[in-house]
Amino acid sequence: MSEELIEKSKKLAAFAAVNENVLKSDRIIGVGSGSTVVYVAERLGQLEDKEKFICIPTSFQSKQLILDNGLRLGNVEEFDEIDVAFDGADEIDTNLNLIKGGGAALYQEKLVASSSRKFIVVADFRKQSPEKLGHFWRKGVPIEVVPNSYVKVLKDLFKLGANSATLRDAGKAKAGPVVTDNGNFIIDADFGEIPLNKVKELDEKLIRLVGVVETGFFVDYAEKAYIGNEDGSITSLSVSVPARL
Ligand SMILES: O=C(CO)[C@H](O)[C@H](O)COP(=O)(O)O
């Protein structure tokens, strides 16, 4: 699978999502994080009337994307009613439930998604599960935790049935764990393939653990997903989700 093909499919999905979902009346736009959203920001930056938009970031990276594309930067404290938000995903199930947080930005991404009237997912073909979450994405569900809770939360996760749970390491760039934009840690917890009707239940158990700030499960957020395919086509999927605003 060539990198070029993957990039092409990300761009296809992102451009189509922006073209079809930014309405004339929209003013406040949420901008997600990751490598697919780079193309969302690029397309937003090409719009003739881009000065009218205020873009709400979901991470440091997303803030840079907004500025680099000549878009106006806002914040979610001032603009807590977002017309439409675009974001990537690590995996998408057939109900459009998502695993997110591969880039450690899940908390702010969820804050923006939950403040948005419409939440649109953009992804390449590798992210679409044939059915359940945990099919292709085997790294585990990212969970943001307060730093001094991580030992306790790791134990709790095994009690809840995790096959594995590990504190995400920063790798070569820094000795020690990944530190999120909020100063927290990330645990990746693998629960195997999660049946469609069990995602919400598991998410509710995780969020109740003391120390957990947010989980990377996005249940009932996305109403549309644009997936760029290998052959240059786009799959667009829709579901109805409860109104948030
Ligand atoms: O949740 C995320 C960051 O926390 C990203 O949206 C997710 O990891 C997808 O990223 P990419 O578009 O690079 O595949």
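Per-structure values
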{"quantity": "Test: residue in the stretch 47-56 that is among the aromatic types (F, W, Y), surrounded by 15 or more Cβ atoms within 10 Å (Cβ to Cβ), outside any strand (DSSP E or B) and away from the ligand (no atom under 16 Å from the Cβ)", "calculated": "yes"}
{"quantity": "Helices (runs of 4 or more DSSP H) contained entirely in the stretch 59-175, each with at least 2 residues that are within 13 Å of the ligand (Cβ to nearest atom)", "calculated": "60-68, 106-114"}
{"quantity": "Only listed residue being buried (at least 18 other Cβ atoms within 10 Å of the Cβ), at pLDDT 95 or above and in contact with a Lys or Arg (Cβ under 8 Å, 6 or more places away or on another chain), chosen from K118, K127, K132", "calculated": "K118"}
{"quantity": "Residues that are more than 14 Å from the ligand (Cβ to nearest atom) and closer than 28 Å to G216 by Cβ, drawn from the stretch 20-44", "calculated": "E20, N21, V22, D26, I28, I29, R43, L44"}
{"quantity": "Any pair with Cβ under 8 angstrom, 6 or more apart, that starts in the stretch 64-81 at a residue that is more than 12 Å from F53 (Cα to Cα) and ends at one that is loosely packed, with under 12 Cβ neighbours inside 10 Å and of a type outside the set (S, T, Y)", "calculated": "E81/L245"}
{"quantity": "Conditions (1) on the phi > 0 side of the Ramachandran plot; (2) within 16 Å of the chain's Cα centre (by Cα); (3) surrounded by fewer than 18 Cβ atoms within 10 Å (Cβ to Cβ): number failed by F60", "calculated": "(1)"}
{"quantity": "Of the criteria (1) over 18 Å from G102 (Cα atoms); (2) surrounded by 13 or more Cβ atoms within 10 Å (Cβ to Cβ); (3) of a type in the set (S, T, N, Q), which one N184 fails", "calculated": "(1)"}
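Quick grid of which residues meet (1) closer than 20 Å to G88 by Cβ; (2) without any contact (Cβ under 8 Å) to a residue 40 or more places away in the chain:
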| position | (1), (2) |
| --- | --- |
| R117 | yes, no |
| H135 | yes, no |
| K139 | yes, no |
| Y150 | no, no |
| K174 | no, yes |
| P195 | no, no |
| V199 | yes, no |
| L202 | no, no |
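The values are calculated or read from the model by the stated rules, or taken from the named source; none is laboratory data. Predicted model only: the values in this text are computed from it and were never measured. Neighbour counts are summed over all protein chains in view; Cβ atoms, including those assigned to glycine, are modelled from backbone coordinates with ideal geometry.
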